[in-house]
Amino acid sequence: MDIIKQSTGTTLSVALVGRLDAVTAIQLDSVLKSSLDGVQLLTLDLKDLIYIASAGLRILLKYQKLLDKSGAVMSIRNVRTEVREVLDMTGFSDFLHIVDSPTKKLSIEF
């Protein structure tokens with residue numbers, strides 16, 4: 001996975017490219033941990049994220065809680081259908097701030 005960071009003042013934008021799995025979740029955790037000092041808005045751009053595993057979900061949860069506790073905001077944008085389905089099925093879309101998502105949840109058919 002590639003992680004592309006852009007920082008402007010108290011805003012940090014992070015674009016994720018590839019797969020967020022058990023191996024790359026450790027990498028993302030390390031990048032975020034070392035980059036959040038003074039950040040009031042963290043934006044995760046998932047336009048090029050094609051897969052997310054449970055380890056990736058744990059990282060999203062960890063930083064959502066951490067930023068909520070500090071009074072900062074984490075927002076997620078450009079979520080691909082495949083990743084959005086995982087967020088919906090696991091209930092993560094209920095508490096993550098997904099900014100440019102459709103107002104109607106995706107339906108999951110079996």
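In table form, for the structure just shown:
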read-out: Residue within the stretch 45-58 that is part of a helix (DSSP H, G or I) and in contact with a strand residue (DSSP E or B) (Cβ under 8 Å, 6 or more places away or on another chain) present; value: yes
read-out: Subset of the stretch 85-97 (residues that are touching a helix residue (DSSP H, G or I) at 6+ places or on another chain (Cβ under 8 Å) and either among the small types (Gly, Ala, Ser) or at pLDDT below 75 (or both)); value: 93
read-out: In the stretch 1-44, the residues that are in contact with a strand residue (DSSP E or B) (Cβ under 9 Å, 6 or more places away or on another chain) and polar (S, T, N, Q); value: 6, 7, 10, 11, 13, 24, 27, 35, 40, 43
read-out: Among residues of the stretch 59-82, those that are open to solvent by less than 80 Å² (accessible area, probe 1.4 Å) and not in a helix (DSSP H, G or I), counted; value: 8
read-out: Among (1) modelled with pLDDT of 95 or more; (2) surrounded by fewer than 15 Cβ atoms within 10 Å (Cβ to Cβ), the one test that residue 100 misses; value: (1)
read-out: Residues located in the stretch 1-45, provided they are closer than 18 Å to residue 77 by Cα and among the charged types (D, E, K, R); value: 2, 5, 19, 45
read-out: Tally, over the stretch 1-29, of residues that are part of a helix (DSSP H, G or I) and either touching an Asp or Glu at 6+ places or on another chain (Cβ under 7 Å) or open to solvent by 70 Å² or more (accessible area, probe 1.4 Å) (or both); value: 3
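The values are calculated or read from the model by the stated rules, or taken from the named source; none is laboratory data. As the structure is a computational prediction, the values presented were derived from the model and not from experiment. Virtual Cβ from ideal backbone geometry, glycine too; neighbours counted across all protein chains shown. What goes into the accessible areas is simple: the full protein's heavy atoms, side chains included, and nothing from ligands, DNA or RNA. Shrake-Rupley method; radii C 1.70, N 1.55, O 1.52, S 1.80 Å.
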